[in-house]
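**Q** The structure is given below, and queries will be raised subsequently.
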Amino acid sequence: MTIVKPASAVEPPAPSVLERRYRKLLLAYPRHYRTAYGDELLDVLLADAAGRTVPPPKEVWGLLLGGVRSRILHQATGNAWADGLHLAVTAVTAANLAALLPYAGTLPLWTLLSALALLAVQRGRLRTAFALTLVTGVKAAAIAAGRPAFDLTVLPVYPNPLGDRPLFGDSSPLVAAAGYAVALRDRDPIRAPAGRG
Amino acid sequence: MPRGTSEVSEPMFFVLAALRAGPLHGHAISKSIKELSGGRVQPSVGTLYGILERLNDRGVITVDREELINGRNRRYFRITDEGRALVEAEARRMQAAASLVLRPAGP
């Protein structure tokens, strides 16, 4: 493949209304795609435009679907192991949050932190998730051990409108601790491919 | 051999057919498909480029060169040997199927 440039490169004319509308639709595509091929697609889109100011529905639909398709393909290029681990950690964090939710009324702060940990994991911000999980994990373990940590909550923690079982009334605190341990082991940040999209 | 599925959709078939004569850029492919199919196959630009990318990933077409036109970069695509084999096999498959109806298969 060679790159051929003509002797004189002409500046493109000022964008028309139609071009601006097409450029907005092209936002459906990931940034790296737009940078590489956006102008090329625009060329074809505008070629048969002849006096239109509004993109025809078929082209609108094609660009939206094409953009989504590009974004999906872009997402799938990550390391499969990293993605699998990320999914597992997300599942564990979600389960921990679910365990705490019935007690949200009594332990609002800790439930909130657990929810934030889940959010951080989902967004790939594992350093944040690690810190939050550490804190909420210590709290959960402290409750299980019957020792006050950070404040005066001691077992049993009684439920509220969202649930009717005491925290750790049925399951073992070891299960919760094991869940946090799995999440904590995965401390390396798992990031989506950086700098694109 | 092409990777992945060997299914050839109708627009894909026409893209490959259009490129058999020589490399073309996106807009020329779009016009050629419309002519070859008698106006029947007219994918949107988004769909067309999705097809071009899929065919490129499968190795049945490839980028021949890029040119700067009016300050815009433009890719020219050409069919590969795998692409020629694929479209010819597909054409033969369709011919065999068509002859069941249009002409009884003879000795």
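The values are calculated or read from the model by the stated rules, or taken from the named source; none is laboratory data. The structure presented is a predicted model; accordingly, all values stated were derived computationally and were not measured. Backbone-built Cβ (ideal geometry, glycine too); neighbour counts: all protein chains shown.
**Q** Which of the residues belonging to the stretch A:33-69 are within 23 Å of B:L68 (Cβ to Cβ), more than 7 Å from every other protein chain (Cβ to nearest Cβ), small (G, A, S) and part of a helix (DSSP H, G or I)?
**A** A:A36, A:G38
Residues checked against (1) in contact (Cβ under 8 Å) with a residue 40 or more places away in the chain; (2) out of contact with any strand residue (DSSP E or B) (no Cβ under 7 Å at 6 or more places or on another chain); (3) closer than 20 Å to A:A47 by Cβ:
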{"site": "B:E10", "(1), (2), (3)": "no, yes, no"}
{"site": "B:A28", "(1), (2), (3)": "no, yes, yes"}
{"site": "B:L48", "(1), (2), (3)": "no, yes, yes"}
{"site": "B:I51", "(1), (2), (3)": "yes, yes, yes"}
{"site": "B:N70", "(1), (2), (3)": "no, yes, yes"}
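**Q** I'd like to know if the stretch B:6-27 contains one or more residues that are more than 10 Å from chain A (Cβ to nearest Cβ) and under 22 Å from A:T35 (Cβ atoms).
**A** No: the stretch B:6-27 contains no residue that is more than 10 Å from chain A (Cβ to nearest Cβ) and under 22 Å from A:T35 (Cβ atoms).
**Q** Going by what's in this entry, would B:I51 be described as within 14 Å of another protein chain (Cβ to nearest Cβ), within 16 Å of B:E10 (Cβ to Cβ) and buried (at least 17 other Cβ atoms within 10 Å of the Cβ)?
**A** yes
**Q** Of everything in the stretch B:33-71, what is among the basic types (K, R) and farther than 24 Å from A:K58 by Cα? Give them in sequence order.
**A** B:R58, B:R65
**Q** Further, regarding this structure: Is it the case that some residue within the stretch A:31-38 is in contact with a Phe, Trp or Tyr (Cβ under 9 Å, 6 or more places away or on another chain) and among the hydroxyl-bearing types (S, T, Y)?
**A** Within the stretch A:31-38, one or more residues are in contact with a Phe, Trp or Tyr (Cβ under 9 Å, 6 or more places away or on another chain) and among the hydroxyl-bearing types (S, T, Y).
**Q** May I pose another question? Output the residue which, of all residues in the stretch A:10-26 that are within 13 Å of chain B (Cβ to nearest Cβ) and at pLDDT below 90, is nearest to the chain's Cα centre (by Cα).
**A** Going through the qualifying residues, I end up with A:P15.
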